[in-house]
Amino acid sequence: CGESGAGRLLTLTEIVVQLTAHLNSAEQCLAGKKVMITAGPTIEAIDPVRFLSNHSSGKMGYALAQAAYSAGAEVTLVSGPVAMSAPAGVTLVSVHSAEQMFNAVQASVQQMDIFIGCAAVADYRPESVQSQKIKKSPEVMTIQLTPTIDILASLNDLPTKPFAVGFAAETQNIKDYALGKLEAKKCDLIMANHVGIEGTGFGSDDNAVTVLGHDLQIELPKQSKTMLARAMISIIADTYKQRKL
């Protein structure tokens, strides 16, 4: 076809990514480490046509995957449906629902050194999925919802738990809710961000987060998600190494 196959030249983007990873070897703070990152939204089917989801674009998770790879890590990216290609050098596992993401994580997470749960996983799913399209009616319709599996909390049931980093996307009481999540889910770090501010959060190219841990609080101001991801990976690597000492 002339587009793919043995000997086909990599795209310019892929070449730049590979060169950057090698040229920045002095900054490869995750060299030799295995990192799993979840990204994007999940979608929970109502019927063959409709579903429940959220506004996550996956940009933050994909930026983290790129930054982790550039830092020398072997990266597995478990992603919900997004309009992006996986960064070069990163192993992509595509999923749709929260259950599929949970199964994909469980399949290999025990082999990982670090887990970063950046995906906006649906908290609820329809209790039953209709096999045919639900027809419009003037009557009020009720959909019974049931909680999805908590992927981040499930890591605590593993015989060997990786260093766990969670995200808390909140619209109010950001720090309090994030600290509550840090303790309840027994994470090593939580990245707290305000998704109700225009120009940051879901769908935006920029973001700002507060990194929270045990006796740790670092403010990372608004910047591109690419630059923010590099800063976050550096903090994650430093904290991981301190825990291993």
Handout entry: Qualifying residue in region 102-120 (condition: more than 25 Å from residue 69 (Cβ to Cβ) and assigned to a loop (DSSP other than H, G, I, E, B))
Key = no
Exercise for the section: Being within 21 Å of residue 151 (Cα to Cα) and buried (at least 16 other Cβ atoms within 10 Å of the Cβ) narrows it down to one of 192, 237, 229, so name that one. Expected result: 192
Handout entry: Members of region 149-187 that are open to solvent by less than 30 Å² (accessible area, probe 1.4 Å) and outside any helix (DSSP H, G or I)
Key = 158, 162, 163, 164, 165, 166, 167, 168, 187
Practice task
Could you figure out which of (1) assigned to a helix (DSSP H, G or I); (2) under 23 Å from residue 156 (Cα atoms) isn't true of residue 190?
Solution key: (1)
Practice task
Given the conditions (1) of a type in the set (D, E, K, R); (2) open to solvent by 60 Å² or more (accessible area, probe 1.4 Å); (3) modelled with pLDDT of 95 or more; (4) more than 25 Å from residue 168 (Cβ to Cβ), report the number of the one that residue 47 does not fulfil.
Solution key: (2)
Handout entry: Unique match (being under 21 Å from residue 58 (Cα atoms) and either buried (at least 17 other Cβ atoms within 10 Å of the Cβ) or in contact with a helix residue (DSSP H, G or I) (Cβ under 9 Å, 6 or more places away or on another chain) (or both)) among 213, 201
Key = 201
Problem - Answer residue from region 93-137, given it is among the hydroxyl-bearing types (Ser, Thr, Tyr) and exposed (fewer than 14 other Cβ atoms within 10 Å of the Cβ) and is nearest to residue 170 (Cα to Cα) among those - result: 128
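The values are calculated or read from the model by the stated rules, or taken from the named source; none is laboratory data. Computed from a predicted model, the values in this text were never measured in an experiment. Note: ideal-geometry Cβ built from the backbone for every residue, glycine included; neighbour counts use all protein chains shown. These accessible areas exclude ligands, DNA and RNA; they are computed on the full protein's heavy atoms, side chains included. Shrake-Rupley method; radii C 1.70, N 1.55, O 1.52, S 1.80 Å.
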